[in-house]
Amino acid sequence: MATMIQAIRMALHVGEERLGVTDIFGQDVGPPLGGVFTGTQGLETAWNSPLDERGIIGMAIGLALAGRKPIAEIQFCDYAFNSIDMLKIAGNTYWASAGDWNVPLVMMTPVGAGIRGSIYHSHSFDAQATRIPGWKIVMPSNPRDAYGLMLSAIVDPNPVMFLEPKALLRVKGRDGEEIPGEPGDPKALSKMIDAPLGDRSAWKPAWPKLEEYYVSIGKARVARAGKDVTVLTYGRNVPMCLAAAGELAKDGIDAEIIDLRSLYPYDWPAIKDSVRKTHRVLCVNEDTEITNFGEHLIRRIIEELFYELHAPPKLLAGAHLPGVGLADALERATIPQTSGIKAAIDTLARHQP
Amino acid sequence: MIIPVSSGGSGVPRAAANMDMKLGTFTEFSPDVALSVHALMLQARVFEERLIAMYKQGDGYFWVGGPGEEAFNIPLGLLVNKGQGLDHDFLHLHYRSAATLLAMGADPVDSLRQMKNTATDPYSRGRNFVGHASIRKWNVAPISSPIEVQFSIAIGTAEAQRKTKSKGITIVQGGDAGTAEGDFSTCLVWSSRKGSELPILILVANNKYGISTPYEGQHGEVCISDRGKAFKIRGATIDGNDPEVSWAAIGAAMHYVRTERKPFLLEAMVSRLHGHSSASGANFVKNEIDCIARFEHKLEERGLLTRAQMNEMRAHFTAELLEASKRVRKEPQPLPETIWDYVYADKNRREVN
């Protein structure tokens, strides 16, 4: 069973082998390292760029304009902020040129907290990303979705931002979440595709015979069906919400966990169906709470589903602070934790209008 | 032979004489070439004057352009390997590049349409300012308002041309003030990496101003072309007010880039004859060299055209564009619902969900 980072690597391999990917690049993306999280080890088209985020995104735009299929990595989303201008251009080129030029590129970047990353390795990017129209934005919560979303991102004719929840990158899929074609034994897979420590100059991966598997951009997944409260979440918070829901089930509270998977376009029909069923809604994400993507979802729910609601919708998000502190207690106090999610669902479920 | 650099009035810094000047052989234009270059220069000037008049008459919200750069931009447009795809030149221009596009064969009426933001504006369908062209069939990337971003994007088309060993080169152009942006450094760094040098012609049109701030207030370097030295990028600073000097220099620099597949940094000293934009009044500036007046003086001396003939040409172009602007005035404005067109290349209408 692959980890998420192995799943991403296998998707990139399928991309360059069959789907026309020509350039996978960024800082430390090529050999010898193959990515700080190992996501680009052993790939044919991976190369190292200068330490220049604006240049990385600009290069990707130019490659896309020239008819190549680039996948650019920003090593941590914390360092993407100096490239917002370039991200805006990637997003507006098709519109500004009235359909003359589209920009088919993928930008991938690790996001969020959970690895004790302190102030500059814990940022979230979802609020920022959804403020840049013209992009499609996806964020997986498990290896198989990561694989399927990456393949969809690769074949999409638009710029697609692939946000990687960094705390989940080394987490294995659960039973039933296999990537079609991967060997069942994680040790066997590791032996095939993980670069050895030390000298790697002669090493080549032995890729499993992978099948193409696409997760449509814009389609949410019901991670847990329930009838009492709808939880709208994505990325790292999905397993936390599932854990909270599992505990609450013992108390007779049945939460429905919607893993959005795509932030834009997002799956409004799935959200609507769930809210109409449960009448209560909680949004959970790690980004700072002011001008948060969950706020948008709540605004739309209030505007379009007001009379369906039996409780005020709630947002559980990161504290509106300049950063996430390093010490364990500081990180936990800043970013939503399972206990807080559980309490929020519990309160919503018990709320009487 | 050394490219002649005029002293004093041309605005070429003295130190430019120490630059790499083995840039082709400077020769006087043949009569045929002189006459066609002159006609295009004059047409480009009259065209900018028409745009300014349209702005002043309320037929547009804003004007920005390049009157005063014709002696450089017309030869550039004539020397481009025009077409679509990697075997042709990619152009990443700026909003003073209309003369270059005119020389390539663009219809000036299309720019009048963009000025008037009509639905018929082929570059942006009424979305963008004049001077913001996009012509995919000629590899002209969309021109955008942020200064210097095209220098980070151009490396991508150049990299695609390097990787595919195509015949085309990438041409990127900006002004002097914009070289303070990090994107200019990005272009120098990424285009000069050993073993991965890019076939890119880097052009700086130095009009000695950034909006209202003079060159001296923004730069410490004597010549912008000096900045290539640390990267072993060949470069020169030339008198961009002389079309024969410009032709020889652009031709030689292009030849170098085409054959050596390495970057070249060419700085052209030019005039800014109507200020930065309509924001500063767009009135004619009397204390700068007028490249057309100077070239016309030469043509008279060479007995190629009389003053009367040139006056007649000017009157003819003026009348032609005046008539065109009257026609454009009657063309439809974009419909409000078109704002949703061309957001995504796979869905040209609003996401409905």
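The values are calculated or read from the model by the stated rules, or taken from the named source; none is laboratory data. Keep in mind that this is a model prediction, so the values were computed, not measured. All Cβ positions, glycine included, derive from the backbone under ideal geometry; neighbour counts span all protein chains shown. Calculation scope for accessible area: heavy atoms of the full protein, side chains included, ligands and nucleic acids excluded. Shrake-Rupley method; radii C 1.70, N 1.55, O 1.52, S 1.80 Å.
What is the magnitude of the charge dipole of the protein assembly as shown about its Cα centre, with +1 placed on the Cβ of each Lys and Arg, -1 on the Cβ of each Asp and Glu, and no other charges, expressed in debye to the nearest 20?
So the dipole magnitude of the protein assembly as shown works out to roughly 520 debye.
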So the pair-distance distribution of the protein assembly as shown, from every Cα-Cα distance in 20 Å bins, comes to percents of 17, 43, 28, 10, 1
In whole angstrom, the spacing between the Cα centers of the stretch A:299-353 and the stretch B:157-212 equals 48 Å
Rounded to the nearest 100 Å², the accessible area buried between A and B, both sides, probe 1.4 Å, is 3500 Å²
Placing each pseudo-label 7 Å from Cα in the direction of the beta carbon, B:Glu300 and B:Ala180 end up separated by a distance in nanometres of 4.0 nm
Links exceeding 28 Å between C-alpha atoms in this model, out of B:Lys56/B:Lys330; A:Lys187/A:Lys209; A:Lys88/B:Lys330; B:Lys208/B:Lys232; B:Lys116/B:Lys167; A:Lys277/A:Lys342, come to A:Lys88/B:Lys330; B:Lys116/B:Lys167
By the C-alpha gyration tensor axes a ≥ b ≥ c (rounded if a/c is under 1.5, else prolate when a/b exceeds b/c, else oblate), the shape of the stretch A:129-206 is prolate
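For the stretch A:4-193, what is the charge dipole size about the Cα centre, in debye to the nearest 20, if Lys and Arg each add +1 at the Cβ and Asp and Glu each add -1 at the Cβ?
Dipole about the Cα centre, nearest 20: 240 debye.
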Rounded to the nearest 5, the percent of antiparallel DSSP beta bridges in the protein assembly as shown equals 15 percent
Of every hundred units of 1.4 Å-probe accessible area on the stretch B:31-331, the number belonging to carbon and sulfur atoms, as a percent, is 53 percent
Expected output for the stretch B:120-140, residues with a loss of 30 Å² or more in accessible area relative to the chain alone at probe 1.4 Å, reads B:Arg127, B:Ser134, B:Arg136
In the stretch A:17-74, taking the dipole from +1 charges on Lys and Arg beta carbons and -1 charges on Asp and Glu beta carbons about the Cα centre, the listed residue (A:Gly67, A:Leu51, A:Gly34) farthest towards the positive end is A:Gly67
In whole percent, the fraction of accessible protein surface over the stretch A:75-214 that belongs to carbon or sulfur atoms, probe radius 1.4 Å, stands at 53 percent
In order over the stretch B:130-143: 3J(HN,Hα) from phi, Karplus 6.51/-1.76/1.60, θ = phi - 60°, whole Hz, x for each Gly or Pro, gives 4, x, 10, 7, 8, 9, 5, 5, 10, 6, 8, 5, x, 7
For A:Lys191, the aspartates and glutamates lying under 17 Å Cα to Cα, once residues fewer than eight places off in the same chain are dropped, come out as A:Glu182, A:Asp199
If the chain between A:Arg131 and A:Leu321 were fully extended at 0.36 nm per residue, the gain over the current Cα-Cα distance would be 66.5 nm
So, with points 7 Å from each Cα along the Cβ direction, the B:Val285-B:Ala319 label distance in nm works out to 3.3 nm
The orientation-averaged projected area of the Cα convex hull of the stretch A:4-193, in nm², is 10.4 nm²
Counting only protein heavy atoms and rolling a 1.4 Å probe, one gets per residue an accessible area for the protein assembly as shown in Å² of 38 Å²
Plugging the Cβ-Cβ distance of B:Asp87 and B:Ala119 into 1/(1 + (r/R0)^6) at R0 = 41 Å yields, to the nearest 0.05, a FRET efficiency of 0.75
For chain B, whose charge dipole is built from +1 on Lys and Arg Cβ atoms and -1 on Asp and Glu Cβ atoms, the candidate among B:Ala282, B:Gly85, B:Met115 with its Cα farthest towards the positive end is B:Gly85
Placing each pseudo-label 7 Å from Cα in the direction of the beta carbon, A:Arg332 and B:Lys137 end up separated by a distance in nanometres of 6.6 nm
At R0 = 30 Å the Cβ-Cβ FRET efficiency linking A:Ile119 and B:Gln218, nearest 0.05, sits at 0.35
Given Cβ charges of +1 for Lys and Arg and -1 for Asp and Glu, the option among B:Gln218, B:Asn139, B:Ile250 whose Cα lies farthest towards the positive end of the dipole of chain B is B:Asn139
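Between A:Ala225 and A:Asp199, what FRET efficiency follows from the Cβ-Cβ distance if R0 is 56 Å, with the result rounded to 0.05?
Efficiency, rounded to the nearest 0.05: 0.65.
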Answer in debye to the nearest 20: the dipole magnitude of the stretch A:221-350 about its Cα centre, from +1 Lys/Arg and -1 Asp/Glu charges placed on Cβ, is 260 debye
